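Participant: Below are the structure tokens for one structure; questions will follow.
The values are calculated or read from the model by the stated rules, or taken from the named source; none is laboratory data. In this text the structure is predicted, and so the values were computed from the model without any measurement. Heads up, the Cβs are rebuilt from the backbone with ideal geometry, glycines too, and the neighbour counts pull from every protein chain shown. Surface areas here come from the heavy atoms of the whole protein model, side chains and all, with no ligands, DNA or RNA. Shrake-Rupley method; radii C 1.70, N 1.55, O 1.52, S 1.80 Å.
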Amino acid sequence: MAAVNLIGSYNYALVALSVLIAMFASYAALDLAGRVTAAVGWSRAVWLLGGAGAMGTGIWSMHYIGMLAFVLPVPLAYHWPTVLLSLLAAILASVVALGVVSRQKMGASRAVAGSVLMGAGIASMHYIGMAAMRLPAICQFNSSLVVMSVVFAILISFAALWITFHFRDEKKGMGWEKLAGAVVMGAAIPVMHYTGMAAASFTASGTPVDMSHAVSISTLGTAGIAAVTFVVLGLALLTSGVDRRFAAQTLELQEEKLQRSEAYLAEAQRLTHTGSWAWRVAGGDALHLSEEWYRIYGFDPENGPPALEQLLERTHPEDRAKVKGAIDRAIDRKSDYEVEFRILLPDATTKYIHTVGHPVLNASGDLVQFVGSSTDITERKRAEQVTRLLAAIVESSHDAIVSKSLNGVITSWNKGAERLFGYSAEEAVGQNITLIIPPERRHEERTIVEQLTRGERVDNFETVRMHKDGTLLDVSLTISPMKDASGRVVGASKLARDITERKRAEEALRQAQTDLAHASRLTTLGEFTASLAHEVKQPIAAIVTDANTCVRWITRDEPDLKEVREAAWRIVKDANRASEIINRVRLLFKKGTPQRELVDVNEVAREMIILLGDEASRRSISVRTELAEDIPHVIGDRVQLQQVLMNLIVNGVEAMHDVNGTRELTIKSQPGENNEVLLSVSDTGMGLPRHRADDIFNAFFTTKTHGTGMGLRISRSIVESHGGRLWAADNSPRGASFCFTLPTKAEADE
């Protein structure tokens, strides 16, 4: 019986469905390619395999539904293991496709190789799928059409790879461009399938068909395959969309972090005056210059990176050779470089720059660029200059400048300290400060440290320190607390000035003043010799008179013992009075070191009135006292205070020598302000010299014919040495008052 050719037809609804599935699968391929490209590490492998599974399923479904669309007039079944094998071929072709398009670059050779492999895979899927057909007919293929179908598969694969590679970027492929690409790919892919179907012809056969593992596909089965395909592709797109959204959020967070990091870096560069840079070795053009770099070098970033010649012009002429030499050596050795130099800005400002460069090599080991930083160290250089200047001042100072920790360990010791204390810096540094403090003075150090820890400064503290040979030195200390960056006191800086010679000079001056005061007292007492003799003569004459009276009462026939006793008591009283006068005069004549003690100023005033009262009476001067009761005692030298009052009383007496009218001398004491006692001696004499009242306390100034001009100068020195002050003022209507204050015992204790 002659062979009968079987004429097939197409179910156009299924054909349209297959084309729709091809477009859907193409869109999924474009979307999945973007996810595979964006993924890294193990997630890339997951996306590659998962995407290939979904994409392969879509391509296989398009092919299988396209085969189901072909209707023959004989029963048709499919060998399902072979069908699964065709699905595997589709998945492998998808793996190749996604692997190629997810690369960073896709060259011509890679594209051709990928399209050949992918086309071969699709062709294999098609013809393996046709081999799964089980029907009572013989299938024959037109070799020309088969070859054409394979060529179509390769060409379509090449086009699909090109479209997918260029539309894989999710930023570009979220809209109509991706959709248009999917339509083009979806329309092209079925061309290969239907060309392959056209290459097959079927002839009826009476040979029994092996139907083992064969299944027939009903309409419901076809619908199920299409539904599963859409679900798989839909899930793939959904997963891709969710992942894209999370990736976008992650990218936004990373961009925010990057922007924040860049802001922190810019702020850190601004605070540290450090600019970053990168420049290409070939050509020397800048690849990167930070904002701080522009600020340091004084260039405007809006004008773009400066040329190498402009940068060299900014470099100080004296430093250009040094900079160029450092860079040339680094290029030759492909090594780091570090150099300090100066730059000159257009406004003539000079800056000091510290630059560090690091080489960047390519895969071949060739030097391509340098990256590094430039730091403005102008302030540091100025600080170093100031530090060197201060160090030179410290070293050249004649004063001892020493620093120490709070526990007393010496940390620095200048040349002045070596000269003053005799220890070299090597001997002193590391030792305790008690090295130069006498044992009896070491309690002072504890007090000083307590004051320093409160942040207080010690000024002009006069004390005694010790030389290496044991000699004691008079020194004046100025001590300042040393603080760390947090403001905590960590040590002290001491300036010690040798005042030994000054102390000796002061002692000599005090001795000279004492001698001068003694001479002044002698001069004053010499001027009043007659008055003093009269003062002593009176009690002596009374003693003689009372002695004669006593003898007369004793030699009577009946001695009157009562009268004798009274005369004897008068003799004792007058003798004591004469003795007191002689003792006071002797004290004033006595030369010795001033002795400070508690003194009753009222008592001193009364003593001077008794001593000089006769001279005042002889000159017809009345002496009046206004001495306040219960005024506090003062700390002072009794003889020196007697001398002050004696000088003021004598001056008052002499000021009234040629005055007609009332002659009155008033001596007054009263409490003063600020725990002081105020004493004044007022007269009704000629008053202070006109227009020269301020000169009366100057040495050698006098209005007396035979005066020395030292009395008031000495009196003021004595009062000031006691912590008081002495001044003068005119009285109304005439005369002058001399007033002085002395601190009381309470103030002296403070």
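Participant: Give, in nm to one decimal, the length gained when the segment between ASN731 and ARG245 is fully stretched (0.36 nm per residue of separation minus the Cα-Cα distance).
Facilitator: Working: separation 486, 0.36 × 486 = 174.96 nm, distance 10.47 nm.
Contour length minus Cα-Cα distance gives 164.5 nm.
Participant: Given LYS415/LYS483; LYS351/LYS415; LYS257/LYS322; LYS573/LYS668; LYS404/LYS503; LYS351/LYS494, which pairs have Cα atoms separated by over 30 Å?
Facilitator: Beyond 30 Å: LYS351/LYS415; LYS257/LYS322; LYS351/LYS494.
Participant: Can you give me the Cα centroid spacing of the stretch 245-309 and the stretch 319-391 in angstrom?
Facilitator: Here the two parts' Cα centres lie 18 Å apart.
Participant: Further question: Taking the stretch 71-137 as the region of interest, what is the percent of Cα-Cα pairs per 10 angstrom bin, listed from the shortest bin to the one with the maximum distance?
Facilitator: Result returned by the calculation: 22, 36, 23, 14, 5, 0.
Participant: Between ARG606 and ALA505, how high is the FRET efficiency from 1/(1 + (r/R0)^6) when r is the Cβ-Cβ distance and R₀ = 35 Å? Nearest 0.05.
Facilitator: Step by step, r from the Cβ atoms, then E = 0.40.
Participant: A further question on this structure: At a 1.4 Å probe radius, which order do TRP80, TRP42, TRP727, TRP277 fall into by accessible area, largest first?
Facilitator: In descending accessible area the options line up as TRP42, TRP80, TRP727, TRP277.
Participant: While we're here: Which order do LYS415, LYS562 take when ranked by solvent-accessible area (1.4 Å probe, heavy atoms of all protein chains), largest first?
Facilitator: Solvent-accessible surface, decreasing: LYS562, LYS415.
Participant: How many nm is it between the label spots at MET148 and ARG260, if each spot is 7 Å from the Cα in line with the beta carbon?
Facilitator: 6.4 nm
Participant: Got a sec? What order do CYS739, CYS139 fall in by accessible area at 1.4 Å, biggest, i.e. largest, first?
Facilitator: So the residues, ranked largest to smallest area, are CYS139, CYS739.
Participant: Can I ask one more? Taking LYS334 as the anchor, which aspartates and glutamates have their alpha carbon closer than 19 Å to its alpha carbon, excluding any fewer than eight residues away along the same chain?
Facilitator: In chain and number order, the partners are ASP285, ASP366.
Participant: Can you list which of the GluC sites (Glu not before Pro) found in the stretch 606-658 are DSSP loop residues with at most 12 other C-beta atoms within 10 Å?
Facilitator: Here the GluC sites (Glu not before Pro) that fit, given the DSSP loop and packing criteria, are GLU629.
Participant: Hey, another quick one. So between ASN698 and LEU389, what do we pick up on full extension, going 0.36 nm a residue minus the alpha carbon distance?
Facilitator: Separation in residues times 0.36 nm, less the Cα-Cα distance, equals 106.7 nm.
Participant: Still on this model: Once R0 is set to 51 Å, what does the formula 1/(1 + (r/R0)^6) return for the Cβ-Cβ distance between PHE461 and GLU302, expressed as a FRET efficiency to the nearest 0.05?
Facilitator: It comes out at approximately 0.25.
Participant: Within the stretch 412-504, which GluC sites (Glu not before Pro) sit in a loop by DSSP and count at most 16 neighbouring Cβ atoms inside 10 Å?
Facilitator: GLU456
Participant: HIS316 to SER212: extension gain in nm, 0.36 nm per residue of separation minus the Cα-Cα distance?
Facilitator: 28.0 nm
Participant: Here is a further query. Over the stretch 598-743, what lengths in whole Å, largest first, do the semi-axes of the equivalent ellipsoid take, defined as the square roots of 5 times the eigenvalues of the alpha-carbon gyration tensor?
Facilitator: So the three semi-axes of the stretch 598-743 are 23, 18, 14 Å.
Participant: Moving on to the next point. Heavy atoms of the protein only, probe of 1.4 Å, neighbouring chains included. What is the accessible area of ASP484 in Å², nearest 10?
Facilitator: Accessible area of ASP484: about 50 Å².
Participant: Taking Cα pairs under 8 Å and at least six residues apart, what relative contact order does the stretch 93-164 come out at, in percent?
Facilitator: Values: 55 pairs, mean separation 34.5, N = 72.
The value is 48 percent.
Participant: Not counting ligands, DNA or RNA, and with a 1.4 Å probe, what is LEU561's accessible surface area in Å² rounded to the nearest 10?
Facilitator: About 110 Å², ignoring ligands and nucleic acids.
Participant: Could you state how much accessible area LYS257 has, in square angstrom rounded to the nearest 10, with a 1.4 Å probe and all protein chains kept in place?
Facilitator: Using a 1.4 Å probe on the heavy atoms, I get roughly 120 Å².
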